[in-house]
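Participant: If you scroll down you'll find the structure; I have some questions about it.
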């Protein structure tokens, strides 16, 4: 029997499942559930999972074989972890930094933290020491759960915080596995309000440091009903989403959306991406829905896709626009059209091509149920091409609580609209086509890159006087960071200086942020002295079309690993 706290949520979920292929009715009649008290893990997941033998989590690991856990098993194990964390001092409102790969403990920790009322700070294992120090300071982290490899990064990070290691024993760290000795019965210490915080994400913006995005027990668990609808998930589906833990898309499609639909989360862990191995596993295990970033789709079409008789019903792409030719090649091979969608770390999926609807080439779809979207120009007037904005009257449930400031306060949106910073065009049928960022942030292999952050690192090099970072088109990653550099007086723009700068970047930046190309050039500026990045972006796009490369341009690929040297952690 569903607890009264969860009745509105389940009713809204069931409405979307019934109207899965009827976009008109779903968009017209859907209403976000009104909740007074709600803890998704306790009021929904545990009740749905009780005595439920269906698979909830299925991990296929090329190193460790397979692990398949039912909803009932995940529920009980997360209770044990919650009890163990409580015994270690984790309290309601505490921040827990979770730095794990795709291992069972990741899902257990998420559920356990929600049950305790703690706040999870997701962290990719790619973070450097300086990244972690920033998360500790501004995120107010009090507890850490990490795997053994990641745990080594905390050796020089001072502070009185709980250290829990997954997978092996380490001096000074508490073994995560001891949690399984705790009781499988959990009792909460009180009610959870829908606006209580549950997740704190660090996301790149136009400033040197990432912005802190705070989500509540309502905005993400409930908000991802829109994502469930976009993905087209149904009970019993086996859903594979390729994304790394620590990023919002992982919570979107590897946690909330599948389990909202009572579908299985399916994960394939590979040391290095292996397209054939992935396809073999998809076929063998009967994956029914598959979401991947464009980088993966561009690799997959290099294979003879018809040779894999997949049982997939829905194909989805997200993170950046997907090339039309990729969509056509996949459709020719499997008879399925890849559907695109759009959202942000600050939101759940808010625009998408949904199942059973007419698809338009290049379009990311129409506003999803629960979201009112408008394109506005700089003056706030409606436009056929403009910034993607959300109407906040009424406020959509899937929008963040706000940005957390350095002092811990939360800056919520108090205007009548929320501006996403992305620009799109809309046609007469309401379909939106993505154009680009209103600011200079860009995507590389599905990672958001802040040019300002990279420029701040580049000018730390003694030879660099000024730097401007723009996306350089790349056939596989969509774009890679390229730096245009003005050197300090007396410095010669040659191969040796380029190598030194690449070494500096490799030492300081996490791999997904590294500058991959650089060019020594005079930087174009406005009269007031501001660098005209838009001009550099335009020139870079034209150079890509003509395959033009200047004598003063150097790529990281021009140098051997031996020349570049081993990547080390930033100790600043």
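Participant: Give the calculated FRET efficiency between residue 496 and residue 406 to the nearest 0.05, with a Förster radius of 35 Å applied to their Cβ-Cβ distance. Working shown, then result.
Facilitator: Details: r = 40 Å, r/R0 = 1.14.
Efficiency at R0 = 35 Å is approximately 0.30.
Participant: Further question on the same structure: How would 291, 285 line up from fewest to most surrounding beta-carbon atoms within 10 angstrom? Write out the running numbers ahead of the final one.
Facilitator: On the way: 291 28, 285 18.
Fewest to most other Cβ atoms nearby, the residues stand as 285, 291.
Participant: Taking neighbour counts of Cβ atoms within 10 Å as a proxy for exposure, in what order, fewest first, do 548, 115 appear?
Facilitator: On the way: 548 11, 115 27.
Ascending Cβ contact count within 10 Å gives the list 548, 115.
Participant: Then there's this: Using 7 Å Cα-to-Cβ label points, what is the residue 4/residue 334 separation (nm, one decimal)?
Facilitator: Each label point lies 7 Å from its Cα, and together they span 4.6 nm.
Participant: Rounded to the nearest 0.05, what FRET efficiency do residue 184 and residue 302 give with R0 = 45 Å and r taken as the Cβ-Cβ distance? Could you check? Intermediate results must be reported in sequence, preceding the final value.
Facilitator: Values: r = 47 Å, r/R0 = 1.04.
Computed FRET efficiency for residue 184 and residue 302 comes out at 0.45.
Participant: Something else about it: Run a plain Debye calculation on segment 442-564 (Cα atoms as equal point scatterers, no solvent) and give log10 I(q)/I(0) at q = 0.18, 0.19 Å⁻¹, rounded to two decimals, same order as the q list.
Facilitator: -0.96, -1.08
Participant: Along the three principal axes, how long is the chain when you take its alpha carbons, biggest first, rounded to the nearest angstrom?
Facilitator: 74, 62, 53
Participant: If you don't mind, another one. With the contact rule set at Cα under 8 Å and sequence spacing of 6 or more, what percent relative contact order holds for segment 118-269? Write out the running numbers ahead of the final one.
Facilitator: On the way: 188 pairs, mean separation 30.6, N = 152.
Relative contact order comes out at 20 percent.
Participant: In addition: Normalised by the residues of segment 9-76, what does the relative contact order come to in percent, with Cα pairs under 8 Å and at least six apart?
Facilitator: Working: 57 pairs, mean separation 16.3, N = 68.
It rounds to 24 percent for segment 9-76.
Participant: Another question about this same structure. Per DSSP helix of 4 or more residues, -39500 (n - 2.57); summed, then divided by the residues of the chain. What does that give at 222 nm, rounded to the nearest 500? It would help to have the intermediate numbers written out before the result.
Facilitator: Working: 17 runs with 152 residues, N = 572.
Mean residue ellipticity at 222 nm (helix-derived): -7500 deg cm²/dmol.
Participant: While we're looking at this one, here's another question. For a label point 7 angstrom out from the Cα of residue 87 toward its Cβ, which stretches of segment 149-171 have the backbone nitrogen within less than 19 Å?
Facilitator: Within reach of a label on residue 87: 162-170.
Participant: By counting other Cβ atoms within 10 Å of each Cβ, how are 477, 129 ranked from fewest to most? Can you show the working numbers first?
Facilitator: Numbers: 477 22, 129 17.
In order of increasing Cβ crowding within 10 Å: 129, 477.
Participant: Give me P(r) over segment 31-162, computed from all C-alpha to C-alpha distances, binned every 10 Å, as integer percentages.
Facilitator: Computed distribution, short to long bins: 11, 37, 33, 16, 2.
Participant: Here is a follow-up. Would you mind getting me the FRET efficiency between residue 429 and residue 392? Use the beta-carbon distance for r and R0 = 25 Å, nearest 0.05.
Facilitator: On the way: r = 25 Å, r/R0 = 1.00.
Using R0 = 25 Å, I get an efficiency of 0.50.
Participant: Let me ask another. How long is segment 298-427 along each principal axis, judged by its Cα atoms, biggest number first, in Å?
Facilitator: So the extents along the principal axes, rounded to whole Å, are 55, 35, 23.
Participant: Still on this structure: How big, on average over all directions, is the shadow cast by the Cα convex hull of segment 150-232, in nm²?
Facilitator: Working: hull surface 39.5 nm².
Orientation-averaged projected area of the Cα hull: 9.9 nm².
Where a number appears in this text, it was derived from the coordinates with a stated rule and is not lab data. Quantities reported herein were computed from a predicted structural model and do not represent experimental measurements. Methodologically, a virtual Cβ is constructed for each residue, glycine included, from the backbone with ideal geometry; neighbour enumeration extends over all protein chains shown.
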